[in-house]
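**Student:** Please see the structure below; I have some questions.
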There are 2 protein chains.
Amino acid sequence: MKKSLIVLSLTAFIAGGVQAAAKPLSIIEQGSFATGGSVKQSQGHYNPRPAITQNTDSNSFLAVYQASVAEGGQTLHGDHAAVFYQIPENPKALPIVFLHGAGQSMRTWQTTPDGREGYQNLFLRAGYPVYLIDQPRRGQAGRATVDGSIAAAPDDQFWYAQFRLGEYPNRFDGIAFPKSKAALTQFFRQMTPNTAPFNSKIIAQSLAALFDRIGSGILLAHSQGGDPAWQTALLSDKVKAIATFEPGNFPFPKNETPSTLKSAFGDVTPQSISDEDFAKFTRLPIIIYYGDNIPAEEEVTNSQSQDQWRIRLALAQKWMDTVNRHGGDATLIHLPKIGIKGNTHFIMSDTNNAEVFSHLQNWLKQKGLDYRSLD
Amino acid sequence: MKKSLIVLSLTAFIAGGVQAAAKPLSIIEQGSFATGGSVKQSQGHYNPRPAITQNTDSNSFLAVYQASVAEGGQTLHGDHAAVFYQIPENPKALPIVFLHGAGQSMRTWQTTPDGREGYQNLFLRAGYPVYLIDQPRRGQAGRATVDGSIAAAPDDQFWYAQFRLGEYPNRFDGIAFPKSKAALTQFFRQMTPNTAPFNSKIIAQSLAALFDRIGSGILLAHSQGGDPAWQTALLSDKVKAIATFEPGNFPFPKNETPSTLKSAFGDVTPQSISDEDFAKFTRLPIIIYYGDNIPAEEEVTNSQSQDQWRIRLALAQKWMDTVNRHGGDATLIHLPKIGIKGNTHFIMSDTNNAEVFSHLQNWLKQKGLDYRSLD
């Protein structure tokens, strides 16, 4: 007993973390691979000994590289997703596939701003295989088939508002976000840019390719990831359920699409799809979560945080109603209404993330999605 | 027994992988954080309700974002490293810190082109805590304090040569690289670009900050990662050993720096540092590995693969000699000379990666670097 206490305190020291003592994770397999993507080919013929325009100073590696590219006849493999996966002992049959939101990577799910366990660990502890994605043109999947440019534009305060921490430097009262400056710094440092233009279709194709490889599973998406998540369900019948945290938009049947929702901080025009495609959303269970400090649709505000999510939550309500009117099984959870308070846009890493996790886990159980491979 | 076979075959199916059966990994802690980095501040005052130049069609989110950025007074947190870490049960005291090479991310260590276990897993199985890095301005650490531009230039065939698979589409005879087209595709899809200019000093600073956080450890670097690895050892006395796979350049004492090594495929000009800094490399054990198909210095070739590594291996030899002449403990292993054949530039993911791992593990043991926290 004493020995294990020493191990834990050494560990906390090694990691510099603030983890509570917990049972070890038993992982029977983990690794990384790419899925989806395409190949771009340059004109010309590959020349392994390209003609180099001699530099004045030196015969540089960069000059050789540029000469090689200029001769052409080469390929570029890009627009794939990067996947890190872990499979716990005695796994449940349906894995969780995690898709991050705007400006984020799989790190969204791997930690919290104050270093507690993220949803990657919580789902592993509950027995689910986990597949974490860096979507095409983001993070470790940065290689794209089109050029990209990245402006180093200071915008932390914009995102602080958009991610519903409050109006910088103020915070909403009772917010479920850690207090320390170090935590806010870690939160800001989770951001990572698009390496080429965001493309929802390419992301959905890479996810469909992942489901082709791993078989049936549950898709869990955050924010901007909602859109490619909906599209993935249209491409792959291996998506057996979708859970989303604060998606930004929704695809409606063509003739039932609401008009644009107006906000001084950016309008939202709902998406339209065919009736046939929409019907697919009525054939799988869907749950959608929104956090705290989001006013009712009619309560227009002059706060970016509140007004952006006012219109998006209103749209979520309309979408859920539409799905269920067509015989579907969509659930919208506005967390404060079930007594879970203070959530920002990052529900899965807020200080009460374990409480929301329990709710989600119960929903998976209710929907019969949590059986083990050997059950 | 039968039950466990079923679990394993289900697992192989779930992962779509080709893993051999192995004991589960027991992980007492895992997570993600950022280290190092700096903060860029824009002029002006943050305006939470920025003046928007109304678009003709809609009040778009993008327009609001641009207006917010234009008003200024905001911060950008960038130039940090992204770290994913795992700590196994009964851990050794000194963790391994993994730094990838050019065009790569931590995925370098997380898998192999044919889906076998990468060095992340092999070191965990041997009891080492592992800290995997995406260096500043790469992968999940893509947020930079300066602008970046990324050309989608087809260049797979250039890297195929530089990474010493052969001259595309040919392969060196007896190469330790998997045969399948799928493996080559996965290998190409490990590439991910710089999101802003490569900066060795910034990388070294982020690694020194990591060692400040986690305490003493062993630095394992690949290729271009060699340079920031050497620099990290100059910044932090918590680096207790360095192992490198095919580093591209080396820092010599000012008055003992060799002249430029010439190759038609790019010269290499050795780096120079002060005698005082150089002395730091004589105070810690260092091991450097190079693979197969690298000719002796005098055997100039017209093959990019061979000629690039001809001069870099020659430089490694000179550096090792210099370190040891000054009383250091540097070991250079040219793998074919100890009977390990066929290695490409990606020694840690070649088909014989476990064999090289055994050698490295024995070296760590010989140097007394493999003790456990409780020993």
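The values are calculated or read from the model by the stated rules, or taken from the named source; none is laboratory data. All values reported here derive from a predicted model rather than from experimental measurement. Ideal geometry is used to build each Cβ from the backbone, glycine not excepted, and the neighbour counts take in all protein chains shown. Side chains are part of the model used for accessible areas, which takes the heavy atoms of the whole protein and leaves out ligands, DNA and RNA. Shrake-Rupley method; radii C 1.70, N 1.55, O 1.52, S 1.80 Å.
**Student:** Using amide H atoms built in the peptide plane, which far-off residues or other-chain residues are under 5 Å from residue B:166 H to H?
**Tutor:** Under 5 Å from the amide H of residue B:166: B:172.
**Student:** Under a 5 Å amide H to amide H cut-off, with H placed in plane at 1.01 Å, what residues pair with residue B:93 once short-range neighbours are removed?
**Tutor:** Long-range HN contacts for residue B:93: B:371, B:372, B:373.
**Student:** If we hang a label 7 Å off Cα along the beta carbon direction at residue B:201, how far is it from the matching labels on the other copies, in nm, shortest first?
**Tutor:** 4.5
**Student:** Moving to a separate point now. How big is the Cα convex hull of segment A:272-375 in projection, averaged over all directions, in nm²?
**Tutor:** 8.6 nm²
**Student:** Once the cut-off is 18 Å, how many percent of the Cα-Cα pairs in segment B:180-257 end up in the long-distance tail?
**Tutor:** Here the tail beyond 18 Å accounts for 52 percent of pairs.
**Student:** Moving to a separate point now. So for each of A:102-109, B:347-354 I average, over its residues, the number of other beta carbons within 10 Å; can you give me the resulting order with the highest mean first?
**Tutor:** Those peptides, ordered most packed to least, come out A:102-109, B:347-354.
**Student:** If you don't mind, there's one more thing I want to ask. Select from B:181, B:23, B:40 the residue whose mean-square fluctuation is largest in a Gaussian network model of chain B (Cα-Cα springs shorter than 10 Å).
**Tutor:** Comparing B:181, B:23, B:40 in a Gaussian network model of chain B, the most mobile one is B:23.
**Student:** With springs connecting C-alpha atoms under 10 Å apart, model chain A as a Gaussian network and identify which of A:188, A:98, A:177 has the largest mean-square fluctuation.
**Tutor:** A:188
**Student:** For the protein assembly as shown, what is the charge dipole size about the Cα centre, in debye to the nearest 20, if Lys and Arg each add +1 at the Cβ and Asp and Glu each add -1 at the Cβ?
**Tutor:** For the protein assembly as shown, the charge dipole is close to 1640 debye.
**Student:** Using a Gaussian network model of chain B with C-alpha springs under 10 Å, which one of B:61, B:163, B:357 is most mobile by mean-square fluctuation?
**Tutor:** Judging by the Gaussian network model, the answer is B:61.
**Student:** With a cap of 11 neighbouring Cβ atoms within 10 Å, and only residues DSSP puts in a loop, list the GluC sites (Glu not before Pro) found in segment B:286-374.
**Tutor:** Sites meeting the loop and neighbour criteria: B:298, B:299.
**Student:** Just want the answer: with Cβ charges of +1 for Lys and Arg and -1 for Asp and Glu, which residue in A:62, B:109, B:315 is farthest toward the dipole's positive end in the protein assembly as shown?
**Tutor:** Going by the charge dipole, the pick is B:109.
**Student:** Keeping the other protein chains in place, figure out the carbon and sulfur percent of the accessible area of segment B:264-352, with a 1.4 Å probe.
**Tutor:** 47 percent
**Student:** Through the Karplus equation 6.51 cos²θ - 1.76 cosθ + 1.60, θ set to phi - 60°, convert the phi angles of segment A:44-52 into ³J(HN,Hα) values in whole Hz; use x for Gly and Pro.
**Tutor:** x, 10, 4, 10, x, 10, x, 6, 9
**Student:** Please report Rg over Rh for segment B:125-232, where both radii come from the alpha carbon positions and Rh follows the Kirkwood definition.
**Tutor:** For segment B:125-232, the value is 1.02.
**Student:** Counting only residues 5 or more places away or on other chains, whose amide H sits under 5 Å from the amide H of residue A:267 once H atoms are built in the peptide plane?
**Tutor:** B:59, B:60, B:61
**Student:** Could I ask something else about it? Measuring label to label, 7 Å along Cα→Cβ, what does residue B:272 give against each other copy in nm, shortest first?
**Tutor:** For residue B:272, the inter-copy label distances come out at 7.0 nm.
**Student:** With angles folded into 0 to 90 degrees, how steeply does helix A:2-15 sit against the dominant principal axis of chain A? Use alpha carbons for both and round to 10.
**Tutor:** Tilt of helix A:2-15: around 60 degrees.
**Student:** What is the dipole size for chain B, taken about its Cα centre, with +1 at each Lys and Arg Cβ and -1 at each Asp and Glu Cβ, in debye to the nearest 20?
**Tutor:** Dipole of chain B, to the nearest 20 debye: 940 debye.
**Student:** Hey, another quick one. Sticking to Cα atoms, compute the Rg of segment B:75-193 to one decimal and its Dmax as the biggest Cα-Cα distance, whole number, in Å.
**Tutor:** Spelled out, the Cα radius of gyration and Dmax of segment B:75-193 are 16.6, 53 Å.
**Student:** Which of A:132, A:31, B:368 sits farthest toward the positive end of the charge dipole of the protein assembly as shown, with +1 on the Cβ of Lys and Arg and -1 on the Cβ of Asp and Glu?
**Tutor:** So the residue we want is B:368.
**Student:** Counting helices only, and only those DSSP H runs with n ≥ 4, report the 222 nm mean residue ellipticity of chain B as the sum of -39,500 (n - 2.57) divided by its residues, in deg cm²/dmol to the nearest 500.
**Tutor:** Helix-only estimate at 222 nm: -9500 deg cm²/dmol.
**Student:** I've got another one for you. Please compute the net charge surrounding residue B:341, taking Lys and Arg as +1 and Asp and Glu as -1 over other residues with Cβ under 12 Å from its Cβ.
**Tutor:** Every neighbour counted, the sum reads -3.
**Student:** Helix B:353-366 sits at what angle to the longest principal axis of chain B, using alpha carbons and giving 0 to 90 degrees rounded to 10?
**Tutor:** 80 degrees
**Student:** With contacts defined as alpha carbon pairs under 8 Å and 6 or more residues apart, what's the relative contact order of segment A:55-129 in percent?
**Tutor:** So the answer I get is 32 percent.
**Student:** OK, next. For segment B:105-120, just list the computed ³J(HN,Hα) in residue order, Karplus coefficients 6.51, -1.76 and 1.60, θ = phi - 60°, integers in Hz, with x standing in for Gly and Pro.
**Tutor:** Those phi angles translate into 9, 4, 4, 2, 9, 9, 7, 10, x, 9, x, 6, 6, x, 5, 3 Hz.
**Student:** Report the one residue of B:22, B:42, B:121 whose Cα lies farthest in the direction of the positive end of the charge dipole of chain B (charges on C-beta: Lys and Arg +1, Asp and Glu -1; origin at the Cα centre).
**Tutor:** Selected residue: B:22.
**Student:** Also, quick follow-up: As a test of the definition: with a 1.4 Å probe, what buried accessible area, both sides summed, do you compute for A against B, in Å² to the nearest 100?
**Tutor:** 9500 Å²
**Student:** Here's another thing I want to ask about it. Could you please tell me the mean projected area of the C-alpha convex hull for segment A:245-326, averaged over all directions and given in square nanometres to one decimal?
**Tutor:** 5.2 nm²
**Student:** Using the Karplus equation 6.51 cos²θ - 1.76 cosθ + 1.60 (θ = phi - 60°), what ³J(HN,Hα) coupling, rounded to whole Hz, does each residue of segment A:143-159 give in order, writing x for Gly and Pro?
**Tutor:** With the stated coefficients, segment A:143-159 comes to 6, 10, 8, 10, 5, x, 9, 10, 8, 7, 8, x, 8, 4, 6, 4, 6 Hz.
**Student:** So for segment B:87-172, averaging the separation of alpha carbon pairs under 8 Å that are six or more residues apart and normalising by length, what relative contact order in percent results?
**Tutor:** That works out to 27 percent.
**Student:** Rg and Dmax of chain B, using alpha carbons, in Å: what are they?
**Tutor:** 22.7, 72
**Student:** Could you pull the copy-to-copy label distances for residue B:327, with points set 7 Å along Cα to Cβ, in nm to one decimal and sorted shortest first?
**Tutor:** 8.4
**Student:** A follow-up question, please. Could you tell me which of the pairs B:23/B:201; A:238/B:23; B:262/B:337 are separated by over 28 angstrom between their Cα atoms in the structure shown?
**Tutor:** From B:23/B:201; A:238/B:23; B:262/B:337, over 28 Å: B:23/B:201; A:238/B:23.
**Student:** Taking the Cα centre of segment B:318-375 as origin and charging only Cβ (+1 Lys, Arg; -1 Asp, Glu), how large is the dipole, in debye to the nearest 20?
**Tutor:** The dipole of segment B:318-375 has a size of about 160 debye.
**Student:** Based solely on C-alpha atoms, express the radius of gyration and the Dmax of the protein assembly as shown in angstrom.
**Tutor:** Gyration radius and largest Cα-Cα distance of the protein assembly as shown: 26.0, 81 Å.
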